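Asker: Below: one structure in structure tokens.
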């Protein structure tokens, strides 16, 4: 499943400043209700709310190859979490990688994401 990406910088800033945060040793997850979710649901073919996902990997973590690999692994970990248990919809979710995330596999990232989403109460009942 492809994710709807956050492309605007002001949405990242808003999620950092006003969103709920869960921090693990490998990543930080910020969650904020998406106020444009209703408008985006009308444009969606199935008329459902979707989460918008933003991934950030700082230049301090490594070169372009390392950052791209980390983003791919974060995406795959997120897919695995979503496959096991669906997340609540209509949120801005920003996942910021920390230095430990560059050395992990997608299975490990899945565990960290699961812990963060559980702490934030993002799973559907």
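Asker: For the stretch 42-56, name all the residues that are more than 14 Å from residue 88 (Cα to Cα) and surrounded by 11 or more Cβ atoms within 10 Å (Cβ to Cβ).
Answerer: Matches in the stretch 42-56: 44, 54, 55, 56.
Asker: Can you tell me which residues in the stretch 26-57 are farther than 21 Å from residue 121 by Cβ and at pLDDT below 95?
Answerer: Once the filter is applied, which keeps residues that are farther than 21 Å from residue 121 by Cβ and at pLDDT below 95, the stretch 26-57 yields 36, 38, 39, 40, 41, 42, 43, 44, 45, 46, 47.
Asker: Return yes or no: is residue 66 surrounded by 12 or more Cβ atoms within 10 Å (Cβ to Cβ), farther than 22 Å from residue 19 by Cα and touching a helix residue (DSSP H, G or I) at 6+ places or on another chain (Cβ under 8 Å)?
Answerer: Considered against the rule, which asks whether it is surrounded by 12 or more Cβ atoms within 10 Å (Cβ to Cβ), farther than 22 Å from residue 19 by Cα and touching a helix residue (DSSP H, G or I) at 6+ places or on another chain (Cβ under 8 Å), residue 66 comes out as yes.
Asker: Which residues, taken from the stretch 1-13, are surrounded by 15 or more Cβ atoms within 10 Å (Cβ to Cβ) and not in a helix (DSSP H, G or I)?
Answerer: Answer for the stretch 1-13, where residues must be surrounded by 15 or more Cβ atoms within 10 Å (Cβ to Cβ) and not in a helix (DSSP H, G or I): 3, 6.
Asker: For residue 59, indicate whether it is in contact (Cβ under 8 Å) with a residue 40 or more places away in the chain and more than 21 Å from residue 115 (Cα to Cα). Break it down into steps so the answer makes sense when it comes.
Answerer: Numbers: in contact (Cβ under 8 Å) with a residue 40 or more places away in the chain: no; more than 21 Å from residue 115 (Cα to Cα): yes.
No: the conditions fail for residue 59.
Asker: May I pose another question? Identify the residue in the stretch 115-125 that is surrounded by fewer than 16 Cβ atoms within 10 Å (Cβ to Cβ) and within 19 Å of residue 49 (Cβ to Cβ) and, among all such residues, is farthest from the chain's Cα centre (by Cα).
Answerer: The residue in question is 125.
Asker: Just for strands (runs of 3 or more DSSP E) wholly inside the stretch 14-125: which have at least 1 residues that are within 17 Å of residue 3 (Cα to Cα)?
Answerer: Per the criteria, 27-33, 52-56, 91-97.
Asker: Of all residues being free of Cβ contacts under 8 Å to residues at least 60 places away in the same chain, under 23 Å from residue 8 (Cβ atoms) and within 12 Å of the chain's Cα centre (by Cα) in the stretch 73-114, which is surrounded by the most Cβ atoms within 10 Å (Cβ to Cβ)? Just the residue, please.
Answerer: Selected residue: 74.
The values are calculated or read from the model by the stated rules, or taken from the named source; none is laboratory data. Bear in mind that the values here come from a model prediction, so they are computed numbers and not experimental data. Note that each Cβ is placed from the backbone with ideal geometry, even for glycine, and that neighbours are counted across all protein chains shown.
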